[in-house]
2 protein chains.
Amino acid sequence: MTNELLSLLEIPAIDEKARSEAKRRVDSLTKPLGSLGRLEDLGVALAGMTGRVTPTLERKVIFTVAGDHGVVREGVSAFPQEVTAQMVLNFLRGGAAINVLARAASAEVLVVDAGVAADLPKADGLIRVKLKAGTENMAQGPAMSPGEAQGIVEEGFRLFKRIHAARAIDVVGLGEMGIGNTTASAALAAALLNVEASLVSGRGTGLTDGQLSKKIQVIDQALKLNRPDSKDPMDCLAKVGGFEIGCLAGITLAAASARVPVVMDGFISTVAAFLAYRISPAVKPFLIAAHRSVEPGHSLLLNALELRPLLELQMRLGEGTGAALAFQILEASVRILSEMATFSEAQVSEGTP
Amino acid sequence: MTNELLSLLEIPAIDEKARSEAKRRVDSLTKPLGSLGRLEDLGVALAGMTGRVTPTLERKVIFTVAGDHGVVREGVSAFPQEVTAQMVLNFLRGGAAINVLARAASAEVLVVDAGVAADLPKADGLIRVKLKAGTENMAQGPAMSPGEAQGIVEEGFRLFKRIHAARAIDVVGLGEMGIGNTTASAALAAALLNVEASLVSGRGTGLTDGQLSKKIQVIDQALKLNRPDSKDPMDCLAKVGGFEIGCLAGITLAAASARVPVVMDGFISTVAAFLAYRISPAVKPFLIAAHRSVEPGHSLLLNALELRPLLELQMRLGEGTGAALAFQILEASVRILSEMATFSEAQVSEGTP
């Protein structure tokens, strides 16, 4: 990160006072102690993140960030590259899964072009932070230059700050779209975790056994050729990452610095959040795992972050769809804190523990 | 069931045509095949239950049915019996967890007195189907007479029919309140499944180890004394059940007969749905498991029904709280079916599997 941004990057600690007051409040509500399980823990955690004993989640925003990947030339995806741009147009028209699930959760979708390999029309609602029309083929050389890696994280950081300054965001969901991006994510996860590619590689949008072997081989080749330094997150991003991933990492850093809870979606957005964590470990208490994706690398990252997802619905779509579903559980958890009656308010006798 | 009700009780089969059309539709939407996981399966299942390819869940109703239990005289609950009536008043004022979670899911809560041991004031919104002010102490004799067991199931059946006739219900959630009702539910589950009491008994609202042993001993005593016939569900209900459980079983039977999906909540409401299933196995395809409760008997019943819950959030509150949370996932699943664009509508290239 540049000095300018590093100086901005002061991520606060959890507000222990708000957290413990919320805990006291949840224990005074008309229900047996602890009987709402993880819903109670979640509400209390959100109080600690936001610094508010009864947080409200009025403005829920999903950043669905798109980028293309040069590595698709190696035949690692079941879909052609043009689908990235086609899906961006689908997002803008409101016909994709993320639009439907965000509407159901009363959340906004902000569609971001962080490196799509097409000239997208200037459309209402399309945010452009593009430095380049997709990454280079990491099987032949670095995916991007160190300057581009730095640049895209900063773009994400500034993007969040700008939107948040205009109207405060209460919770942010990380979403993405990019044909080939489970390949880049698997390479980046392997680099950051220092593990074998085969442990973090999955079928993405639907590879056969043969295609999956090929994908692992391509990732191995990219890692051998580029030698990302697992101790240097920005080096890993540059060599085997993607523009949407870097942008989402920047959004994560900016959100945490503003005490805004960050809801990760599936494998790719969790790689982005993990990258942010490796840039600044102080983001960790602001991360929430929405669901457990079918992609095998996802569970490894969640373990590394010591997070248990709220949902396990065998989803593997991305776009922010799991985050949008999880928003409804977050909303329920904070409404419990603010709307339920206490034992004394409701004149209900307490139990004898 | 009386002849009158048995003649009404024609539970239809799943609509395989609607189901397979919904499956075709979900496979044509702009996402990789199967990538929304259980959300897709759920939408398709709801199409089969309702007979509509794109079901809508506009009127979502939770029946929160209350009843008292004579067995509390044996000291099996951490809370005093008066809490049942106090919580009914809390439901009517909107301050309980179920009110909050139902509001969050845009669902109605219908509060039903099916046997509370108190004269509840005539209040707007309180539905009375009470035959008696609570069951007898099953540790000393049968919880209710065969006629009362029959009567309360019929009350539940007619209640659903009446509300549904006035304005169609699209999905129903089963909720309950009753101090002592995990004890009755454990006894009833043990009787219906023909298993040891210790396998289905848990800490309810928060028992200590000593209190849990006592509870198991009381259930054992009730089973030995009353000898419920595990092959006769109505005999089991009469001897060791509860009025809220019988009423919910009747609601389940009526809902399935009207093609209305039934969302079970935790242990107690699942015992009620299981009872309905034992009365008429045709209800099974209309049952949806909302969440997995901490109560150990819950998992046994879910296994017996071959159902996997949508949520695992360590909840154990009842009232219908898990069902209300699950309503939001159901809503998301049907909105995917009706609101997402197809590949051809959105001009997105399809993958090559």
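The values are calculated or read from the model by the stated rules, or taken from the named source; none is laboratory data. Values in this document were obtained by computation on a predicted structure and should not be read as measured data. Positions of Cβ are generated from backbone atoms using ideal geometry, with glycine treated the same way; all protein chains shown enter the neighbour counts. The protein model used for the area step is the full one, side chains on, heavy atoms only, and it has no ligands, DNA or RNA in it. Shrake-Rupley method; radii C 1.70, N 1.55, O 1.52, S 1.80 Å.
Which shape class, rounded, prolate or oblate, goes with the stretch A:4-143 when its Cα gyration tensor gives a ≥ b ≥ c as root eigenvalues, a/c under 1.5 marks rounded, and past that a/b bigger than b/c marks prolate? Don't jump to the answer; show the numbers that get you there.
Working: a/c = 2.58, a/b = 2.06, b/c = 1.25.
Prolate, since a/c reaches 1.5 and a/b exceeds b/c.
Accessible-area loss of 50 Å² or more (1.4 Å probe, protein heavy atoms, chain alone versus all protein chains) is found in the stretch A:14-34 for A:PRO32. Kindly identify the stretch A:253-353 as rounded, prolate or oblate by the Cα gyration tensor criterion: order the square roots of the eigenvalues as a ≥ b ≥ c, call it rounded if a/c is under 1.5, otherwise compare a/b with b/c, prolate if a/b is larger, else oblate. Because a/c hits 1.5 or more and a/b exceeds b/c, the stretch A:253-353 counts as prolate. Grab the beta carbon distance between A:ASP124 and B:ARG93, set R0 = 45 Å, and tell me the FRET efficiency rounded to 0.05. Efficiency at R0 = 45 Å is approximately 0.50.
Taking the stretch B:289-353, which GluC sites (Glu not before Pro) meet the DSSP loop condition and have no more than 11 other C-beta atoms within 10 Å?
Numbers: sites: B:GLU306, B:GLU312, B:GLU319, B:GLU331, B:GLU339, B:GLU345, B:GLU350; in loops: B:GLU306, B:GLU312, B:GLU319, B:GLU350.
Listed in order of number, the matching sites are B:GLU306.
Interface of B with A. Using a 1.4 Å probe and counting protein heavy atoms only, the two chains hide about 4500 Å² of accessible surface, both sides summed. Under the combined filter of DSSP loop state and at most 15 neighbouring Cβ atoms within 10 Å, the stretch A:56-104 retains these GluC sites (Glu not before Pro): A:GLU58.
Which FRET efficiency value, to the nearest 0.05, is calculated for B:ALA133 and A:ARG103 with the Förster distance at 45 angstrom and r the Cβ-Cβ distance? Given R0 = 45 Å and the Cβ-Cβ separation, E is 0.45.
Rounded to whole numbers, the Karplus 3J(HN,Hα) couplings from phi for the stretch B:280-287 are 8, x, 5, 6, 3, x, 9, 9 Hz, using 6.51 cos²θ - 1.76 cosθ + 1.60 with θ = phi - 60°, and x at Gly and Pro.
Over the stretch B:193-316, the hull volume per residue, using the convex hull of the C-alpha atoms, is 96 Å³. In the stretch B:82-130, comparing the full protein assembly with the chain on its own, the residues that lose 50 Å² or more of accessible surface at a 1.4 Å probe are B:GLN86, B:VAL100. For the protein assembly as shown, what is one quarter of the convex hull surface built on the Cα atoms, given in nm²? Here the figure is 29.5 nm², rounded to one decimal. Between the residues A:ILE127, A:VAL195, B:VAL294, the greatest Cα displacement towards the positive end of the dipole of the protein assembly as shown, with unit charges on the Cβ of Lys, Arg, Asp and Glu, is found for A:ILE127. Other residues whose C-beta falls under 10 angstrom from the C-beta of A:GLU295 contribute a net charge of +3, scoring Lys and Arg +1 and Asp and Glu -1.
To check you understand DSSP bridge types, tell me what percent of the beta bridges within the protein assembly as shown (both residues inside) are antiparallel, rounded to 5. Provide the component values of the computation, followed by the final result.
Numbers: 2 of 46 bridges.
Antiparallel bridges: around 5 percent, rounded to the nearest 5.
The accessible surface of the protein assembly as shown, taken with every protein chain in place and a 1.4 Å probe, is 49 percent carbon and sulfur.
Each Cα pair under 8 Å and six or more residues apart adds its separation to the average, and for the stretch B:108-242 the resulting relative contact order is 30 percent. Remark: the protein assembly as shown carries a charge dipole of roughly 240 debye about the Cα centre, counting +1 on each Lys and Arg Cβ and -1 on each Asp and Glu Cβ. Summarising the label geometry, the points placed 7 Å from Cα in the beta-carbon direction at A:ASP232 and A:ASN194 lie 1.6 nm from one another.
Spin-label pair B:ARG167-B:LEU225: with each label point 7 Å from Cα along the Cα-Cβ axis, the two points sit 4.5 nm from one another.
Can you tell me the accessible area per residue over chain A, all protein chains present, probe 1.4 angstrom, in square angstrom? If you can, show how the numbers build up before the last one.
Working: 12080 Å² over 353 residues.
Using a 1.4 Å probe on heavy atoms only, each residue of chain A averages 34 Å².
From other protein chains only, count the Cβ atoms within 10 Å of every residue's Cβ in B:306-316, then give the mean.
Values: counts 0, 0, 1, 0, 3, 8, 6, 12, 8, 8, 6.
Average neighbour count from other chains, rounded to a whole number: 5.
If I model the stretch B:60-330 as equal point scatterers sitting on the Cα atoms and use the Debye formula, what is log10 I(q)/I(0) at q = 0.15 Å⁻¹? So the normalised log intensities are -0.99.
Report the local net charge at B:ALA190: Lys and Arg +1, Asp and Glu -1, summed over other residues whose C-beta lies under 15 Å from its C-beta. The answer is 0.
Sequentially through the stretch B:143-152, phi angles give Karplus couplings (6.51, -1.76, 1.60; θ = phi - 60°) of 5, 8, 7, x, x, 5, 4, 4, x, 6 Hz, Gly and Pro residues having no value and appearing as x.
Divide by every residue of chain B the summed helix terms, -39500 (n - 2.57) for each DSSP H run of at least 4, and state the resulting mean residue ellipticity at 222 nm, rounded to the nearest 500 deg cm²/dmol.
Numbers: 15 runs with 175 residues, N = 353.
Value at 222 nm, helices only, nearest 500: -15500 deg cm²/dmol.
Identify the trypsin sites (Lys or Arg not before Pro) of the stretch A:92-147 meeting these criteria: DSSP loop state and at most 10 other C-beta atoms within 10 Å of the C-beta.
Working: sites: A:ARG93, A:ARG103, A:LYS122, A:ARG128, A:LYS130, A:LYS132; in loops: A:LYS122, A:LYS130, A:LYS132.
Hits after loop and neighbour filter: A:LYS122.
Across the stretch B:180-189, coupling constants 3J(HN,Hα) worked out from phi with the 6.51/-1.76/1.60 Karplus curve, θ = phi - 60°, read x, 7, 6, 5, 4, 5, 5, 5, 5, 5 Hz, and Gly and Pro carry x.
Taking every C-alpha pair closer than 8 Å and separated by at least 6 residues, the mean separation divided by the residue count of the stretch B:255-353 gives a relative contact order of 27 percent.
Under the definition of Cα pairs under 8 Å and six or more residues apart, what whole-number percent is the relative contact order of chain A? Don't skip to the end; give the middle numbers.
Numbers: 746 pairs, mean separation 86.0, N = 353.
Averaging sequence separation for qualifying contacts and normalising by length gives 24 percent for chain A.
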